[in-house]
C-alpha cells in the first residue's frame, strides 16, 4: 500500500527532511509556521520551516542546509542571508515549484518572536520548546 501523499512533493520533502534531522543533535527543534492550523496536517501547501539551533551549531548547520534540502527532495534554487539576532533565513524552491521559506533561529531567541500557528516536527527540549513558541 503506498504511503499517503507519496506523490505530493512538499509533504514528501518535509517527511524526508524531518527523518534526516531526527538524528542530528545540532537541531533542537524543527517546526512549520503558518497563519492558521492548516499547517498541522498534510498535504502541506505552504512551507515555512523553522529550526531551533544552539549558537555553537548555527554556522555548521547553515553550511550544511543546502545539501540537506537537496537530499530531502532537491531544490532548484536556494538562498541564505543573515537574519539579525535570530541567525539565518532564506528561500528555496522544490522541483515541483513549491516555495520554501526557512529560518535558522538561535535557541535563545525563540521565545522572543510571536507566532500564530506551529506544527512541531522535532523537539529535543524535553517539552520546553512548545511553551517557548509564544502564540499571538
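Only residues that are out of contact with any helix residue (DSSP H, G or I) (no Cβ under 6 Å at 6 or more places or on another chain), closer than 19 Å to residue 54 by Cα and surrounded by 13 or more Cβ atoms within 10 Å (Cβ to Cβ): list them for segment 109-119, please.
Scanning segment 109-119 gives 109, 113.
Look through segment 78-94, keep the residues that are over 16 Å from residue 67 (Cβ atoms) and either in contact with a helix residue (DSSP H, G or I) (Cβ under 6 Å, 6 or more places away or on another chain) or assigned to a loop (DSSP other than H, G, I, E, B) (or both), and return whichever of them is modelled with the lowest pLDDT.
Within segment 78-94, the match that is modelled with the lowest pLDDT is 85.
Would you tally the residues in segment 74-89 being within 14 Å of the chain's Cα centre (by Cα) and either more than 19 Å from residue 26 (Cβ to Cβ) or crowded, with 20+ Cβ neighbours inside 10 Å (or both)?
2
Looking only at residues in segment 1-33 that are over 25 Å from residue 54 (Cβ atoms) and outside any helix (DSSP H, G or I), which one is modelled with the lowest pLDDT?
1
Results for (1) exposed (fewer than 13 other Cβ atoms within 10 Å of the Cβ); (2) touching a strand residue (DSSP E or B) at 6+ places or on another chain (Cβ under 9 Å), shown as yes or no for each residue.
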site	(1), (2)
11	no, no
29	no, yes
32	no, yes
39	no, yes
63	yes, no
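Specify the residue that is surrounded by the fewest Cβ atoms within 10 Å (Cβ to Cβ); the eligible residues are those in segment 41-60 that are within 12 Å of the chain's Cα centre (by Cα) and outside any loop (DSSP other than H, G, I, E, B).
That would be 48.
Give the residues of segment 34-52 that are in contact (Cβ under 8 Å) with a residue 60 or more places away in the chain and touching a helix residue (DSSP H, G or I) at 6+ places or on another chain (Cβ under 7 Å), sorted by residue number.
Across segment 34-52, the qualifying residue is only 52.
The values are calculated or read from the model by the stated rules, or taken from the named source; none is laboratory data. This is a predicted model, so every value here is computed, not measured. Cβ atoms come from the backbone with ideal geometry, glycine included; neighbour counts cover every protein chain shown.
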